[in-house]
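A short write-up of the structure that comes next.
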Amino acid sequence: MLLSRKHRPPAPRGRLLKWAVLLLWVAITVLAVPAASRLPDVVEGKASAELPRGAQSTKVEELTPRFPGGELAPGIVVYARSSGITPADRAKAESDRRALAPIAARPIAPAQPSGDGKALMLNVPLPDDDTLADKAEKLRDQSQANAPGGLDIRLTGPAGSALDVGDAFENIDKPIFIITILVVTAVLLLTYRSPILWLLPIVNAAIALQVANAVVYLLGEHAGLYVADGMSTILNALVFGISTDYALLLLARYREELRRHADRHRAMAIALRHAAAPIIASAATVSLGLLCLLAADMGFNYALGPIGAIGVLAGLVVVMTLLPALLVIFGRWIFWPRIPRHGDAPPARGAWDRVGHRIAARPRLVWIGGLAVLGALSAAALGINTGLDRAHFLTDTPGSAIGERLLADHYPGGQGRPLQVITEKPDTPQVTAALRDADGVARVENPQPSRDGRLTRIEVVLDAPPDSAAAKQTVRDLRRTIPAATIGASTAGEIDLADAQSHDRRIVIPLVLAVVFLILIALLRALLAPILVIATVVASYFAALGASWLLFRYAFDFPALDTQVALMGFLFMVALGVDYNLFLVARVREEVGRTDHRTGVLRGLGVTGGVISSAGLVLAATFGVLGVMPVTMMVQIGVLVSLGVLLDTFFVRSVIVPALALDTGPRFWWPAHPKARRTNGGDPTPTDRVKANTTGTD
């Protein structure tokens, strides 16, 4: 007797699809790996690449190629002896001048003696291009070789700073990648206690990272996408963290459905249907939040937007296609030794169920007390200092900063990094005279005409060190009193960077909040719940910022927060922090649709508590790996995001949000309310079980 259509097994096409998906991803991976390995080739090495759009310092860099010698990054070699420079020291400097001539962009002037007779300064003009770090290394090696005893030799200036950055990032990506895999593996082993299952999220994340790196390389090579030093490290943390999170959520839902359905293919289809909405909404939240950085002025911020979004979308596509295929190919045994069988009872009430019932006893007291804790931590953020000087750019004092201090001991403070002033040729006499008469100016070099004769460039040395408040005030005064001049480089560039960061925070933060709010409204079909969720995430950000500042100041001994950290931390914490609340509230909404509001909240917390906690640990661990880097900004971003994710995962999402949902009651879903679809609390009905048993088996 023919089976009715209602009880007919699924078509073979559905069971062959998993093999087609697997073969497709094998082909994509084979194509992606070679391109991904070439990502370092498109990393921008120019010192000017970080400058903000539209700033005076950026305009100076754009006009510089019109002058003889093009774009330059001087390498300043300082030779110092406390007892006074000797003839052997002068011979060493002259020997270096001749030896370095082949790598210089133009003739090297003889070493300039200091007024106190205790130092020499050799200015080696290097091209500011992708070869800068390599040539700066040759400059350092040559100057250090065969030095007379007792002579202190240091490299500073823009070339010295570029070399320090290159040394900090050199060969760091591979160790960071390995540490990330080890940390994620440890968390997954603790979560699943399976010797096999942990491999699938790791493999999926690794493939997603290769695909993302390949796409970024192709865009950098053929579309001019700016890729900064350190971008790949952040991309590693983001892709691994978010891919593993999505995999954990899908695995948890798939395990549930395997207990309800005999056919693993049907179980996966239902798991995908339920998990797709929150996972896609999460990817949209993070990727669109990152794309808000396209409104930024800072080069690093602007570039991170599309690069980060590429990473998130790569993780989403891999987890929603390749991971389901692998899971149904391997079958239930992949969960060994804790294999979910059809008809198994749901897990016994766990820790998160007990937490939920404790919260339900006095929800208002819980959320008020929770916000008080967040407020206390946030208060520490009021004492934050922002803006690291060059001496603290790296976790160890960089060589260029030591050289800059040595230079300042014997020459005017701004000698190593002079200002570059560009003006129209007719205005040159007035601008030059005004510069020489200005307070805080130590020396004004002779004007240099552009190749076309229409512009003039003037180097200006300030009295004060470039990082000092006095130097910054001098630049602001010069810009105000000499409007015909365009002033860039050195202190002027640092002022423009700080102003751009301020602009980016004012513009990007409201954009991110608006995007997140709209996505939450679309997913939850409510207004009050999104408002409460965003409010708690923002509160947790400021709490994490305050707690991180206490660590930076008293444990790490950092004098200030890098200007990029506040925005980067906000972006990652809000976009990623909303994710966990989104996963929780979306499941609560599903459960409320099956039962009453209170039971739905408690059941949603109990069901998602374990998997979201594991996902939070993974994400915190991947960003925490940034803490081993030698770059202060990366350490601060890693610590802030890790601390914020842990705070959001184990306190805000697990305590404050459920308390708010319980205290507000059904009004939490205002102006709508989830419609009840079942009356048995979400477990399969007898009819469901019959359907499951007649659609096929493993």
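The values are calculated or read from the model by the stated rules, or taken from the named source; none is laboratory data. Since the structure is predicted, the reported quantities are computational estimates derived from the model, not experimental observations. Cβ atoms come from the backbone with ideal geometry, glycine included; neighbour counts cover every protein chain shown.
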#### Entry: Selection status of R598, of a type in the set (K, R), in contact (Cβ under 8 Å) with a residue 40 or more places away in the chain and crowded, with 24+ Cβ neighbours inside 10 Å
no
### Task
Would you mind stating whether T285 is modelled with pLDDT under 90 and more than 28 Å from L524 (Cβ to Cβ)?
no
### Query
Quick one: how many residues across the range 60-86 are β-branched (V, I, T) and more than 21 Å from A104 (Cβ to Cβ)?
3
### Summary
Restricted to the range 363-385 and to residues being of a type in the set (G, A, S) and in contact with a Gly (Cβ under 9 Å, 6 or more places away or on another chain), the residue surrounded by the fewest Cβ atoms within 10 Å (Cβ to Cβ) is G383
### Message
I'd like the residue in the range 607-618 that is within 13 Å of R253 (Cα to Cα) and in contact with a Phe, Trp or Tyr (Cβ under 7 Å, 6 or more places away or on another chain) and, out of all such residues, is surrounded by the fewest Cβ atoms within 10 Å (Cβ to Cβ).
### Response
G610
### Message
Looking at the range 548-597 only, could you name the residues that are small (G, A, S), under 25 Å from H274 (Cα atoms) and in a loop (DSSP other than H, G, I, E, B)?
### Response
G593
#### Entry: Condition met for V239 (β-branched (V, I, T), modelled with pLDDT under 90 and in contact with a helix residue (DSSP H, G or I) (Cβ under 6 Å, 6 or more places away or on another chain))
no
### Query
Only one of these conditions is not met by T608: (1) farther than 30 Å from R506 by Cβ; (2) of a type in the set (S, T, Y); (3) at pLDDT 90 or above. Which number is it?
(3)
### Message
Which condition from (1) surrounded by fewer than 23 Cβ atoms within 10 Å (Cβ to Cβ); (2) closer than 19 Å to A566 by Cα; (3) aliphatic (A, V, I, L, M) is the one that V628 breaks?
### Response
(2)
### Message
Go through (1) polar (S, T, N, Q); (2) over 36 Å from the mean Cα position of the chain (by Cα); (3) closer than 24 Å to V78 by Cβ for T423 and report which single condition fails.
### Response
(3)
### Message
Here's a check for you: in the range 520-531, which residue that is in contact (Cβ under 8 Å) with a residue 24 or more places away in the chain and surrounded by fewer than 20 Cβ atoms within 10 Å (Cβ to Cβ) is nearest to the chain's Cα centre (by Cα)?
### Response
A522
### Task
Take the range 15-39 and flag every residue that is modelled with pLDDT under 85 and either surrounded by 14 or more Cβ atoms within 10 Å (Cβ to Cβ) or basic (K, R) (or both).
R15
### Filter result (over 15 Å from S194 (Cβ atoms) and either basic (K, R) or surrounded by 15 or more Cβ atoms within 10 Å (Cβ to Cβ) (or both)) within the range 324-335
P324, A325, V328
### Query
Which residue out of S48, S57 is small (G, A, S), in a helix (DSSP H, G or I), at pLDDT below 85 and crowded, with 20+ Cβ neighbours inside 10 Å?
S48
### Task
Could you list, in sequence order, all residues of the range 265-306 that are without any contact (Cβ under 8 Å) to a residue 60 or more places away in the chain and of a type in the set (K, R)?
R273
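Each row is one residue, and each column tells you yes or no for (1) touching a Ser or Thr at 6+ places or on another chain (Cβ under 7 Å); (2) among the charged types (D, E, K, R); (3) buried (at least 24 other Cβ atoms within 10 Å of the Cβ).
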site	(1), (2), (3)
G230	no, no, no
L251	no, no, yes
R260	no, yes, no
L272	no, no, no
I280	no, no, no
#### Entry: Only listed residue being among the aliphatic types (A, V, I, L, M), surrounded by fewer than 18 Cβ atoms within 10 Å (Cβ to Cβ) and modelled with pLDDT under 90, chosen from A535, A498, A575, A555
A498
### Message
Suppose we filter the range 654-673 for residues that are in contact with a Gly (Cβ under 8 Å, 6 or more places away or on another chain) and not hydrophobic (A, V, I, L, M, F, W, C); how many remain?
### Response
2
### Query
Among the helices (runs of 4 or more DSSP H) contained in the range 115-213, which hold 2 or more residues that are in contact with a Pro (Cβ under 8 Å, 6 or more places away or on another chain), under 30 Å from A247 (Cβ atoms) and of a type in the set (K, R)?
none
### Task
Would you mind stating whether R338 is more than 33 Å from the chain's Cα centre (by Cα), surrounded by fewer than 24 Cβ atoms within 10 Å (Cβ to Cβ) and part of a helix (DSSP H, G or I)?
no
### Task
For I519, state whether it is among the hydrophobic types (A, V, I, L, M, F, W, C) and touching a Pro at 6+ places or on another chain (Cβ under 9 Å).
yes
#### Entry: the range 346-375, subset hydrophobic (A, V, I, L, M, F, W, C) and without any contact (Cβ under 8 Å) to a residue 12 or more places away in the chain, residue farthest from A262 (Cα to Cα)
A372
### Message
Return the residues of the range 286-317 that are more than 15 Å from the chain's Cα centre (by Cα) and part of a helix (DSSP H, G or I); say none if nothing qualifies.
### Response
A295, L313, A314, G315, L316, V317
### Query
Got a sec? Which of A345, A309 is in the same structural domain as Y580 (by TED's automatic domain parsing) and either closer than 30 Å to G600 by Cβ or not small (G, A, S) (or both)?
A345
